[in-house]
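First comes the structure, then the notes that go with it.
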Amino acid sequence: MITGVGLGKSYGEQRVFGDLDFHIEAGERVALLGLNGAGKTTLFRCLLALTDFEGELRVAGETVTPGRKEVRRRIGYVPQQAPLYDMTLTEFVAFFSALRGVAMDGPASTLAALGMPLEETGGKALNELSGGMVQKALLGLALGSGSSVLLLDEPTANLDPGARRDLFRRVREIAAETTLLFASHRLDEIELLADRVLVLHGGGLAFDGTLEELWRATDAAPRLWLSAPPHEVERVAAELRECPAVSDLRANGAGVEVDVRGDASLDLLLEVRQRGLPVTEFRTRPPSLEHVLDQLERHGDGSPAPVDASTADGGGS
Amino acid sequence: MTARLLAQAGVRESVRAYWFWLNAGIFVAGGLLLMLFGQVDVSLLGYRSYGRALAGLMQLALFVVPLMALLSSGAAIAGARETGALDYLLAQPVTREEVFAGKWLGVTAAVVASLVVGYGATGAVAAVKGVPALPIAMLLLFTVVLAAAFVSIGLWVSALSSTRGRATSVVFTLWLAFLALGSLGLMAAFVRWGLPAGVLQIWSLVNPVEAFRLAMIALLEADPGLLGPAGAALIDNLGRTGLIAAASGSLAAWTALAYWAGRRAFTSAT
């Protein structure tokens, strides 16, 4: 569905990335992970034929030619920054449906499925809607206009955690058949949505594989968050420090975040039970992005090197 | 099709903007005042009997229309770039050429609409007062051409500007420069540096504000003394029709060349 061969991009003297080779199958949900400035948005601009590039790109059977608009009919795009238009939601949907050459019914019914029927919210000005609602409107337009590929460029960057979870839940429900490529620098988002991860780092593709493979390739076990009553947090932290499964931990007023050695999460939970620690809730948290990228860099000679998940851990992607 | 959709959206957006109603209001108020109180004996000014009111309208257009056209077109691309609207628009199946054409059509149509509202009210009063419709129609036509030229110039600036604020400051400076380098500014330069008369005449035609003024005075068949020395020399050399044609050509050239340069700047950005 999306294929890049030898893809490279520079702005003048500044090299953004080079020699990217990747392929995304139809219906796959792929996260594009990288720090700010890694080139995620630039890669999207290449896919949308908005900028020139080196190498070859194909999207949904179309060869991407910079400046040509054809490929954009197949791509729905949700940007990080919600665009400000002096229009009502209905006018906005009507205008962009017409630009995409589709009837308004498709986006309107997708918006209804997203919990924003135009009959109720269509009369509101775009700038009166919350950030989450605008992002849903863009999502409704992208999915309702028959796009086979959906590009999400850090769409939740300006949303609160609740709105972020809600948006991703909707994406999972509605875009089940759509090929999805979404940029993020948040590992918790990736866990929610991605089948596979591409890590863009140091001007190259530093990893291509599943999330599990990424954890294994980078020795990055998920962290555990254990909630405890405020007056018990110190005691819980002190007892956990003695557990062999714990490599490090950090406590705050609401609980303890634990870095677990290897696959010892279950051992740790059993130990919590045996010790009778007053833990009220536990959750897994992904490792930090900085840790993952640091580990990816160490796989080579200190410089970022492409890591193939199939050779890194014996698995495949 | 795409450019038309973009133009319609541009007109809708403009009609909601304050400047649209400000522009129309100035022309309605100014035009009505001039028609009601300006149509007196005008032999002193050298215009025909209805000419004083029309000359007033022309002066009004000379100051207001370039500024309105520049401010609205200057914001059209740079403003959209600043709010993320342009990036989102360009991610749709549209080309940069279509977007530029749509912006030009949208802003021009909105400016023309505000002029038609203003001149329409003036024309209605003028008709009641027995003023022939043709001069007013000609004034409207030339004002539209003047507006189109300045919309092109403003969009060119907008395509090159990263923010709305920067575009606005540049177009405002341009507006002042075009006005300052009109007949009085040129006369001062002529006297100060002893410029050849030919340069003065050519500059009078190259400056779109001055070209509009000369064309309108020639159209209104006013006293050639009102043309100023450069205009008087031009009418001597080219004749009345030739002067109108040359001034029209200048405005059309500004429209086309600034459009071309702006489109080139906009489409070459990657």
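Just so you know, all these numbers are worked out from the coordinates, no wet-lab data involved. Everything quoted here is computed from the prediction, not taken from an experiment. Cβ: placed from backbone, ideal geometry, glycine included. Neighbour counts: every protein chain shown.
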* Asked: Within chain A, what percent of beta bridges assigned by DSSP are antiparallel, to the nearest 5?
  -> 65 percent
* Structure fact -> Averaged over the residues of A:45-52, the number of partner chain Cβ atoms within 10 Å of each residue's own Cβ comes to 3
* Asked: Summing -39500 (n - 2.57) over the DSSP H runs of n ≥ 4 in chain A and dividing by its residue number, what mean residue ellipticity at 222 nm do you reach, to the nearest 500 deg cm²/dmol?
  -> -9500 deg cm²/dmol
* the protein assembly as shown - share of DSSP beta bridges that are antiparallel (%, nearest 5) -> 65 percent
* Once you sort the root eigenvalues of the Cα gyration tensor of chain A as a ≥ b ≥ c, which label holds: rounded (a/c under 1.5), prolate (a/b larger than b/c) or oblate (the other case)? -> oblate
* **Average other protein chain Cβ within 10 Å of Cβ, residues B:88-101** => 6
* Return the sequence-ordered ³J(HN,Hα) values of region A:167-173 in whole Hz as given by the Karplus equation 6.51 cos²θ - 1.76 cosθ + 1.60 applied to θ = phi - 60°, using x for Gly and Pro. => 4, 5, 4, 5, 4, 4, 6
* Structure fact -> Between residue A:3 and residue A:165, the FRET efficiency computed from the C-beta separation at R0 = 30 Å comes out, to the nearest 0.05, as 0.40
* Asked: Is the shape of region B:81-219 rounded, prolate or oblate, going by the alpha carbon gyration tensor and its root eigenvalues a ≥ b ≥ c, with a/c under 1.5 for rounded and a/b larger than b/c for prolate?
  -> oblate
* If only Cα atoms are counted, what is the Rg of the protein assembly as shown, and what is its Dmax, in Å? -> 32.3, 110
* At residue A:119 and residue A:254, where each label point lies 7 Å from the Cα along Cα→Cβ, what is the point-to-point distance in nanometres? -> 3.9 nm
* Structure fact -> Taking chain A, the lysine pairs whose C-alpha atoms sit under 29 Å apart (8 or more places apart or on different chains) add up to 6
* Amide H to amide H under 5 Å from residue A:153: which residues, 5+ apart in sequence or cross-chain, H placed 1.01 Å off N in plane? -> A:78, A:80, A:183
* Structure fact -> Here FRET efficiency (C-beta to C-beta, residue B:268 to residue A:19, R₀ 25 Å, nearest 0.05) is 0.40
* Structure fact -> Helix-only [θ] at 222 nm, chain B, -39500 (n - 2.57) per DSSP H run of 4+, per residue, nearest 500, equals -28500 deg cm²/dmol
* To do: Please tell me the relative contact order of region B:2-267 in percent, rounded to the nearest whole number, where contacts are Cα pairs under 8 Å and at least six residues apart.
  => 26 percent
* Asked: Shape call for region B:2-267 from the C-alpha gyration tensor, a ≥ b ≥ c root eigenvalues: rounded (a/c under 1.5), prolate (a/b greater than b/c) or oblate?
  -> oblate
* With a Förster radius of 56 Å, plug the Cβ-Cβ distance of residue B:245 and residue A:173 into 1/(1 + (r/R0)^6) and report the FRET value to the nearest 0.05. => 0.25
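Enumerate by residue number the chymotrypsin sites (Phe, Trp or Tyr not before Pro) in region A:1-43 meeting two conditions: DSSP loop (anything except H, G, I, E, B), and at most 16 other Cβ atoms within 10 Å of the site's Cβ.
Nothing satisfies the criteria.
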* Helix A:265-274 axis, angle to chain A major axis (alpha carbon atoms, nearest 10°) -> 50 degrees
* **Per-residue average of Cβ from other chains inside 10 Å of B:76-87** => 3
* Kyte-Doolittle cut-off -1.0, length cut-off 18 Å along the helix's own axis using Cα: show which whole DSSP H helices in chain B pass. => B:2-15, B:18-37, B:51-83, B:96-128, B:133-160, B:164-180, B:228-267
